[in-house]
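Here is the structure we will look at, set down as structure tokens.
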Protein chains: 2
Amino acid sequence: MSRRPTLVDVARLAGVSRATAARAIAGQPTVDPALAARVEEAARELGYTTNPAARALRRGRAGAVAIVVPASDAQGQSGPFTAAPIRAATRVIFDAGQQPVLLLDEGRDTDRLVRHLSAGHVDAAVVILLYESVELDQVLADVPIPVAHVGRPSSERSADGWFVEADQAGGGRQAAETLLDAGRHRLATLAGPDHFGPGRERLQGFADRCREAGVDPGPRVPGEYELEAGTRAAEELLRQRPDVDGIFATSDLVAAGALRALAAAGRRVPDDVAIVGFDDTVVAATSDPPLTSVRQPFDELGTRAARLALALLAGTAEGPRRQVVPTTVTVREST
Amino acid sequence: MSRRPTLVDVARLAGVSRATAARAIAGQPTVDPALAARVEEAARELGYTTNPAARALRRGRAGAVAIVVPASDAQGQSGPFTAAPIRAATRVIFDAGQQPVLLLDEGRDTDRLVRHLSAGHVDAAVVILLYESVELDQVLADVPIPVAHVGRPSSERSADGWFVEADQAGGGRQAAETLLDAGRHRLATLAGPDHFGPGRERLQGFADRCREAGVDPGPRVPGEYELEAGTRAAEELLRQRPDVDGIFATSDLVAAGALRALAAAGRRVPDDVAIVGFDDTVVAATSDPPLTSVRQPFDELGTRAARLALALLAGTAEGPRRQVVPTTVTVREST
DNA sequence: GATGAGCGAGAGATCGATCTCTCGACGTCA
DNA sequence: TGACGTCGAGAGATCGATCTCTCGCTCATC
């Protein structure tokens, strides 16, 4: 019979009691080194591994941490954005000896998610709020386990939660600096939808930095975060400000769309017009010319949020309840 | 005190024994309906949920299924390819009442992965082999839990495993048909690296279909799956076969790169040259013009593999050990 | 030489659900 | 009316690790 060996088997083989075997394996100091060695040897010989379920039951901890992700558009936008923090968080959680459990927030049926998080399946959660996921943080406020969020609180109600987010305004400032450093002064911005808070902050940061430099941030043309929308917005922009020489698009897709309008209008990039995108996605790398883009530190966000969740679980969390991580600029050929 | 309610609490409140309460909650038929109602009422009142650890211990099942993913290039290629099957598998596993546990295969330290899969943390595994992950299927052959793979066996040794894969050759055939239907007969292919088996099959399928139609599949220009490589390969192709009017690129990135070479050479797409990509990634959607591309059924693969893993666990798996799922063609403006 | 401190190890209890075994009650049939 | 069968429900055992409590031994000190 090939039943999995238990601690009893190890103890028997080593000629000690269960308690001693447990102590030896846990590495507790109150064990005679000779006995500990015997136990370890026995464990190795039997191929013993501790039964996670038994440990979980006794300890009252599941030994698992959830990663909650918006499931909305698997193919579309959020894919590239959520993949990085998911992987980073998974790595941290696994390295901490916990099971990373991936949970999808399907939008509808949030109840089920909350129930799962409350039922003892996991000890803590990392919640990725980037894009979509409307007010999930509020729903999760009542969950009886520690939660670390990637993204920003959707309202005051979740102000007592823990958050890790990218410095959106700072990213806007970096975009401004990039254009200013390239000697551009006739600027303009291609905005996203107004309801998207982070997008507004990017623009705010951009405008602030421009004004600090004594430069007019220029007109702000609104639109959706889509390629065609970017093309249309850029066409509109060229009508409003034909002499534009520096554009900040708050999304790579919009920037890529804008490139087409510029090419169609006979403007050379970056000679006539420089353009900076946002997010540094594969689209930025593959557009023609490749886009200079502001990169959000998605891995870093995931890593920090996971560490935060583990620290909350251990009761050792410290520092501010909102961490802001700086963005960086990936320079390519559009500036 | 706010200890989580246990079955004992429910039983006491309902005035029955633990055993009866357990039976009632499990929905077993051998319970007086009146008592069952009382138990359910009590459970609801107390907010009882069964303790997963206790259940796992008693049942000898962890109640979790792993999803193993290559961690290699989080930012790069595999991101878009693995995201879809991950999500699909996650959904299926969660809907089956199990915890989806995400595990990264970091390449090095495969031992740790194997140990985790063998230690009782999970009851089964879905392993995503798409791209990279060399021979992971062989390493996992000895894991004592059922494993369902997405992708193909890397050798004969893993022939007794369970696999779900996309019909690569079929995809190549579809690409050929798309070009033939568009009336193109002066064809050529842009290949990937030779060691990449699925890429070879795509070309084989393409060539087979061409020959069936009595058309020469044309020259095959090799290269890497990268944008610049695509440009260079297309330049070479235009030298080899200046009159080409239909190109099959075995990757969207290569196709997108080729578009640049074609544009530079003054060829209009699709008027002068039609081109079909592979994978239907965001690059296909955002290139200029947008690429017609062969789409691999990544969600379907993930869904099927997860269902397979659950079936293997339940002992109800049937059908062939290798399932092949057809690709589809997403028609855009390049053909 | 005796007492106390300190340390290591064993026995038993515990975590909570679930499975098995047993028993009691009721109904049916001879 | 008595014996047997059926069905529902309770008591206890069990899964395996770990925590607590207690005991015994050794060494040091008076």
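The values are calculated or read from the model by the stated rules, or taken from the named source; none is laboratory data. Note that this is a predicted model, so its numbers are computed, not measured. Methodologically, a virtual Cβ is constructed for each residue, glycine included, from the backbone with ideal geometry; neighbour enumeration extends over all protein chains shown.
For residues in region A:24-73 being within 12 Å of DNA strand C (Cβ to nearest atom) and charged (D, E, K, R), which is modelled with the lowest pLDDT?
It comes out as A:ASP32.
Does region B:32-41 contain any residue that is under 28 Å from A:ARG3 (Cα atoms) and either away from DNA strand D (no atom under 13 Å from the Cβ) or of a type in the set (D, E, K, R) (or both)?
no
Filtering region A:269-306 down to residues that are among the small types (Gly, Ala, Ser) and surrounded by fewer than 24 Cβ atoms within 10 Å (Cβ to Cβ), which residue is nearest to A:ALA124 (Cα to Cα)?
Here the residue is A:ALA285.
Residues to consider are B:GLN77, B:GLN98; find the one that is assigned by TED's automatic domain parsing to the domain that holds B:GLY315, crowded, with 19+ Cβ neighbours inside 10 Å and at pLDDT below 95.
Going through B:GLN77, B:GLN98 in turn, just one is assigned by TED's automatic domain parsing to the domain that holds B:GLY315, crowded, with 19+ Cβ neighbours inside 10 Å and at pLDDT below 95: B:GLN77.
Can you find, within region B:12-23, the residue that is farthest from DNA strand C (Cβ to nearest atom) among those that are crowded, with 20+ Cβ neighbours inside 10 Å and over 45 Å from the mean Cα position of the chain (by Cα)?
Looking at residues that are crowded, with 20+ Cβ neighbours inside 10 Å and over 45 Å from the mean Cα position of the chain (by Cα), I get B:ALA14.
Say whether the condition of being out of contact with any Leu (no Cβ under 7 Å at 6 or more places or on another chain) and closer than 25 Å to B:VAL68 by Cα is met by at least one residue in region A:128-141.
For region A:128-141, residues out of contact with any Leu (no Cβ under 7 Å at 6 or more places or on another chain) and closer than 25 Å to B:VAL68 by Cα: present.
Taking strands (runs of 3 or more DSSP E) that fall entirely within region A:104-168, which contain at least 1 residues that are touching an Asp or Glu at 6+ places or on another chain (Cβ under 6 Å), under 26 Å from B:VAL101 (Cβ atoms) and in the same structural domain as A:ALA89 (by TED's automatic domain parsing)? Quick ask: steps written out before the conclusion?
Details: elements: A:124-128, A:147-150, A:162-166.
The strands (runs of 3 or more DSSP E) meeting that bar are A:147-150.
In the set B:VAL215, B:VAL150, which member is among the hydrophobic types (A, V, I, L, M, F, W, C), more than 14 Å from chain A (Cβ to nearest Cβ) and surrounded by fewer than 23 Cβ atoms within 10 Å (Cβ to Cβ)?
B:VAL215
Within region A:285-324, can you find the residues that are of a type in the set (D, E, K, R), within 14 Å of chain B (Cβ to nearest Cβ) and not in a strand (DSSP E or B)?
Narrowing region A:285-324 to residues of a type in the set (D, E, K, R): A:288, A:295, A:299-300, A:304, A:307, A:318, A:321-322.
With the extra rule that they be within 14 Å of chain B (Cβ to nearest Cβ), the set shrinks to A:288, A:295, A:299-300.
Selection gives A:ASP288, A:ASP299, A:GLU300.
Do we find a residue being touching a residue at least 12 places away in the same chain (Cβ under 8 Å) and more than 22 Å from the chain's Cα centre (by Cα) anywhere in region B:307-316?
Scanning region B:307-316, I find no residue that is touching a residue at least 12 places away in the same chain (Cβ under 8 Å) and more than 22 Å from the chain's Cα centre (by Cα), so the answer is no.
Just one of the numbered conditions (1) more than 14 Å from chain B (Cβ to nearest Cβ); (2) modelled with pLDDT of 95 or more is not true of A:LEU136; which one?
(2)
So the check is Cβ under 9 Å with 6+ separation or different chains; which pairs have a first residue in region A:155-166 that's at pLDDT 85 or above and a second one that's in a strand (DSSP E or B) and among the polar types (S, T, N, Q)?
A:TRP162/A:GLN323; A:PHE163/A:GLN323; A:VAL164/A:GLN323; A:GLU165/A:GLN323
In contact (Cβ under 8 Å) with a residue 40 or more places away in the chain and within 13 Å of chain B (Cβ to nearest Cβ): is that true of A:ASP280 in this structure?
yes
State all residues of region B:194-217 that are modelled with pLDDT of 95 or more and in a loop (DSSP other than H, G, I, E, B); if no residue qualifies, say none.
The answer is B:ALA213, B:GLY214, B:VAL215, B:ASP216, B:PRO217.
For A:ASP280, work out the one condition from (1) at negative phi; (2) at pLDDT below 95; (3) within 23 Å of the chain's Cα centre (by Cα) it doesn't fulfil.
Exception for A:ASP280: condition (1).
From the residues in region A:218-244 that are outside any loop (DSSP other than H, G, I, E, B) and touching a Ser or Thr at 6+ places or on another chain (Cβ under 6 Å), which one is nearest to A:GLY266 (Cα to Cα)?
A:LEU227
Report the residue count in region A:182-212 for those that are surrounded by 20 or more Cβ atoms within 10 Å (Cβ to Cβ) and small (Gly, Ala, Ser).
The number of residues fulfilling the criteria is 6.
Scan region B:80-94 and tell me whether some residue there is of a type in the set (D, E, K, R), under 22 Å from A:ALA84 (Cβ atoms) and either more than 16 Å from DNA strand D (Cβ to nearest atom) or at pLDDT 95 or above (or both).
Within region B:80-94, one or more residues are of a type in the set (D, E, K, R), under 22 Å from A:ALA84 (Cβ atoms) and either more than 16 Å from DNA strand D (Cβ to nearest atom) or at pLDDT 95 or above (or both).
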